[in-house]
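As structure tokens, the structure follows; a few thoughts come after it.
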Amino acid sequence: VDLDPDARVRDLVAGSTRVPGTPEDLALMNRFWFTGSLQYVRSGELSGGERRRLQLLLVLAARPNVLLLDEPTNDLDLDTLRILEDFLEDWPGALVAVSHDRTFLDRATDSLMALDDRGNLEGVAGGLAAFIARAELAGLAPRSRAPESTSQPRGPTAGRRRPSAPGAKIPAP
């Protein structure tokens, strides 16, 4: 997302179709740490990390019902990543994330799919830890030295499917 350096944060979040400062936009800006006077700052005056966080916020302010994230942990600082994980916890949409980051996948997803080297996609019971353990037992992956290591077998893909009604459960594939 390209940012107009002269546009104020709250105007960018509202976009061209909404009035700046709606309760929904204010709540979203606050959630992503654009509080108080920071909402009135021009995007060109923001730090690099703040601009990256604003770009993510602008995508989410469009209220998509599907997000495709390709290695989100490569481009986000730790604070922004935690904000994103917290946002996804309550978000009703569908998420497809491809990541090597075990912690992010564990925190941001409800189900895991694995893509093998033949292009077959199948559900993985037990989450990422179970996937890695099975791969190690089968000799398909080197044994992990640290549980939070970012190296892992080829091809894990995570998908989040949220229930349409509160409390409803959607079984993992």
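The values are calculated or read from the model by the stated rules, or taken from the named source; none is laboratory data. On a predicted model such as this, the values are computed, not experimentally measured, just so you know. Because the Cβ atoms are built from the backbone with ideal geometry, glycine has one as well, and the counts that use them run over all protein chains shown. Surface accessibility is based on the protein's heavy atoms, side chains included, excluding ligands, DNA and RNA. Shrake-Rupley method; radii C 1.70, N 1.55, O 1.52, S 1.80 Å.
Quick one: count up the residues across the stretch 59-92 that are surrounded by 15 or more Cβ atoms within 10 Å (Cβ to Cβ) and over 13 Å from the mean Cα position of the chain (by Cα).
Residues flagged as surrounded by 15 or more Cβ atoms within 10 Å (Cβ to Cβ) and over 13 Å from the mean Cα position of the chain (by Cα) within the stretch 59-92 amount to 1.
How about the stretch 13-131: which strands (runs of 3 or more DSSP E) wholly inside it have at least 3 residues that are farther than 22 Å from D2 by Cα?
Qualifying strands (runs of 3 or more DSSP E): 94-98, 111-115, 121-124.
Out of the residues in the stretch 96-120 meeting the condition of being surrounded by 19 or more Cβ atoms within 10 Å (Cβ to Cβ) and hydrophobic (A, V, I, L, M, F, W, C), tell me which one is farthest from L56 (Cα to Cα).
Only one residue fits best here, namely A114.
Would you check if there is a residue in the stretch 49-58 being modelled with pLDDT under 95, exposed (fewer than 15 other Cβ atoms within 10 Å of the Cβ) and farther than 27 Å from L121 by Cα?
Scanning the stretch 49-58 turns up at least one residue that is modelled with pLDDT under 95, exposed (fewer than 15 other Cβ atoms within 10 Å of the Cβ) and farther than 27 Å from L121 by Cα.
Any residue in the stretch 75-104 that is free of Cβ contacts under 8 Å to residues at least 60 places away in the same chain sitting within a Cβ distance under 6 Å of a residue that is in a helix (DSSP H, G or I) and not hydroxyl-bearing (S, T, Y)? List the pairs, counting only those 6 or more apart or interchain.
Matching pairs, first to second residue: D77/G49; T80/R53; E85/R107; E85/A108; S99/L105; R102/L128.
What do you reckon, is S43 over 28 Å from R8 (Cα atoms), open to solvent by less than 30 Å² (accessible area, probe 1.4 Å) and either over 14 Å from the mean Cα position of the chain (by Cα) or not aliphatic (A, V, I, L, M) (or both)?
The answer is no for S43.
Provide a single number: the residues in the stretch 70-99 that are of a type in the set (S, T, Y) and in contact with a Lys or Arg (Cβ under 8 Å, 6 or more places away or on another chain).
Residues meeting the conditions: 1.
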